[in-house]
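The values are calculated or read from the model by the stated rules, or taken from the named source; none is laboratory data. As the structure is a prediction and not an experimental result, all values here were calculated from the model. For neighbour counting, all protein chains shown are included, and Cβ atoms are generated from backbone atoms with ideal geometry for every residue, glycine included.
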Amino acid sequence: MAETSSRSKPPPPGFAEVFIRWGWRGVETFFGSRTNCNKRWVAECGGVALIERRREYRLRLREIRHDCAA
């Protein structure tokens, strides 16, 4: 019987950028991974700091859209 690896797959290249720009649904769609895997990758890519960067990105987008609408 083949021995299975207990090591988990590392975050794919560009994961943090996709998460910041597109959020949870974006990484699920783009990378096709399960939610628990995405949570682990978020933690490995910065955790709370990465989530904060996503929040800041969304706030900047909101400001830009508001400025363009005015």
(message) Being at positive phi, modelled with pLDDT under 95 and surrounded by fewer than 15 Cβ atoms within 10 Å (Cβ to Cβ): is that true of GLY32 here?
(response) yes
(request) Search the stretch 1-25 for residues being among the aliphatic types (A, V, I, L, M) and part of a loop (DSSP other than H, G, I, E, B), and hand back the single one that is modelled with the lowest pLDDT. (result) MET1
(request) Would you check which residues across the stretch 26-36 are in a helix (DSSP H, G or I) and either over 19 Å from LEU61 (Cβ atoms) or among the hydrophobic types (A, V, I, L, M, F, W, C) (or both) and list them? (result) VAL27, GLU28, PHE30, PHE31, THR35, ASN36
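Take the stretch 38-70 and flag every residue that is among the small types (Gly, Ala, Ser), part of a helix (DSSP H, G or I) and modelled with pLDDT under 95. Before the answer, list the steps.
In the first step, residues of the stretch 38-70 are kept if they are among the small types (Gly, Ala, Ser); the result is 43, 46-47, 49, 69-70.
Then drop every residue that is not part of a helix (DSSP H, G or I), which leaves 43, 49, 69.
Scanning the stretch 38-70 gives a single hit, ALA69.
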(request) Output the residue which, of all residues in the stretch 42-67 that are more than 10 Å from the chain's Cα centre (by Cα) and among the β-branched types (Val, Ile, Thr), is nearest to ILE20 (Cα to Cα). (result) VAL48
